[in-house]
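Notes follow the structure.
The values are calculated or read from the model by the stated rules, or taken from the named source; none is laboratory data. Since the model is a prediction, treat every value here as computed from it, not as a measurement. Heads up, the Cβs are rebuilt from the backbone with ideal geometry, glycines too, and the neighbour counts pull from every protein chain shown. Keep in mind that these areas ignore ligands, DNA and RNA; they rest on the heavy atoms of the full protein, side chains included. Shrake-Rupley method; radii C 1.70, N 1.55, O 1.52, S 1.80 Å.
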Amino acid sequence: MQSYTKENLEEIRQRINDIAIKSGRDSSSIKLLAVSKGFPVKIILEAYNCGQRCFGENRVQELESKASLLPKDIEWHLIGHLQGNKAVKAIEYASWIHSVDSETLLHRLDRLAQEKNKIPKILLEVNISGEENKYGLTPEAVEACARTAKACQNLKFVGLMTMAPYNVDEKQLSEIFSKLRMLRDNLEEKLEIQLQELSMGMSSDYPIAIAEGATIVRIGTAIFGNRLIRN
Ligand SMILES: *Cc1c(COP(=O)(O)O)cnc(C)c1O
């Protein structure tokens with residue numbers, strides 16, 4: 001099968017650059033995270049050979065098996081829901097965890113990070129849209145969790161993450177992304193911390209997310225094509 005990984009990556013990088021300029025932003029402040037879940041190591045290597053170094057997986061087991069086969073200079077991001085019993089592997093393989101959504105999980109990650117002598121970067125996942133089938137904290141619950149995250153000595157709390165629904169229009173998407181940004185701004189002021197990262201935007205909506213301040217866009221399909229299994 002013909003692969004378009006290289007062409008897709010180049011096109012997306014170009015688009016990120018164009019939108020950044022249009023939005024008055026510096027494109028070097030926007031990280032392209034290639035979401036490789038559901039794709040084999042061979043395809044990931046194609047992207048790696050085009051200079052891509054940041055990859056995202058949503059399952060710890062899949063992350064572990066890929067990370068142990070692939071070059072060590074890859075920066076792995078865990079973006080899927082994390083169960084407490086998988087936290088130790090998550091700490092071992094991911095230097096970023098985007099999907100932290102409880103104080104219990106924060107305490108566990110903090111303890112494990114200390115044991116493993118690591119300082120992972122973590123983001124709190126927020127369910128802005130209020131969809132029932134989504135993980136993440138309600139906007140109201142974020143502040144308490146953020147205070148705990150700030151106090152965790154072995155975690156580096158860097159920002160917030162959200163997933164927008166699929167079935168909404170552009171205006172609603174802008175609103176969701178700008179709400180995450182305002183929530184972040186608010187926390188920075190209240191907690192007197194810097195939260196640089198806003199992980200928001202996927203294949204279908206990343207241009208809108210960048211216009212609203214995304215610093216990490218999580219893109220799978222637009223780079224690698226359609227996954228056989230949706231996960
Ligand atoms: C799968 C996934 C993505 C990427 O989705 P695409 O539509 O393939 O770009 C981004 N974020 C999370 C949390 C995901 O699970």
How big is D for the range 91-164, in µm² s⁻¹ as a whole number, if Stokes-Einstein is applied with the Kirkwood radius of its Cα pairs at 10 °C and 1.306 mPa s? 129
Based on the alpha carbons, how large is the Rg to Rh ratio for the range 130-169 when Rh follows Kirkwood? 1.07
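Would you please calculate the Kirkwood hydrodynamic radius of the range 74-204 over all C-alpha pairs and express it in Å, rounded to one decimal? Could the numbers behind the result be given before it?
On the way: mean 1/r = 0.0672 Å⁻¹.
Every distinct Cα pair counted, the radius reaches 14.9 Å.
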Counting only DSSP beta bridges fully inside the chain, the antiparallel percentage to nearest 5 is 0
Over the Cα atoms of the range 1-77, compute the convex hull volume and normalise it per residue, giving Å³. 95
Once every Cα of the range 149-231 carries one equal point scatterer and solvent is ignored, give the base-10 log of I(q)/I(0) from the Debye formula at q = 0.11, 0.13 Å⁻¹, two decimals. -0.35, -0.47
For the range 74-117, convex hull volume per residue from C-alpha positions, Å³: 62
Setting aside same-chain residues fewer than 8 positions from Lys22, which lysines have a Cα under 30 Å from its Cα? Lys6, Lys31, Lys121, Lys171, Lys179
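Can you tell me how the chain classifies by the Cα gyration tensor, rounded, prolate or oblate, using a/c under 1.5 as the rounded cut? Walk me through the numbers on the way to the answer.
Details: a/c = 1.63, a/b = 1.12, b/c = 1.45.
It is oblate, given that a/c is not under 1.5 and a/b is not larger than b/c.
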Pop the C-beta distance of Gln114 and Asp73 into the FRET formula with R0 = 25 Å and round what comes out to the nearest 0.05. 0.50
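For the range 77-207, what is the accessible area per residue in Å², given a 1.4 Å probe and the full set of protein chains? If you can, show how the numbers build up before the last one.
On the way: 6460 Å² over 131 residues.
Ligands and nucleic acids excluded, the figure is 49 Å² per residue.
Which whole number of Å³ per residue matches the convex hull of the alpha-carbon atoms in the range 186-231? Working shown, then result.
On the way: hull volume 4.1 nm³, N = 46.
Cα convex hull per residue, to the nearest whole number: 89 Å³.
Quick one: length gained pulling Glu140 to Glu92 fully straight, 0.36 nm per residue minus the C-alpha distance? Spell out each step's value before the answer.
On the way: separation 48, 0.36 × 48 = 17.28 nm, distance 3.10 nm.
Length difference between fully extended and current span is 14.2 nm.
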How many percent of DSSP beta bridges within the range 1-107 run antiparallel, rounded to 5? 0
How big is the range 14-140 by Rg and Dmax over its Cα atoms, in Å? 15.9, 45
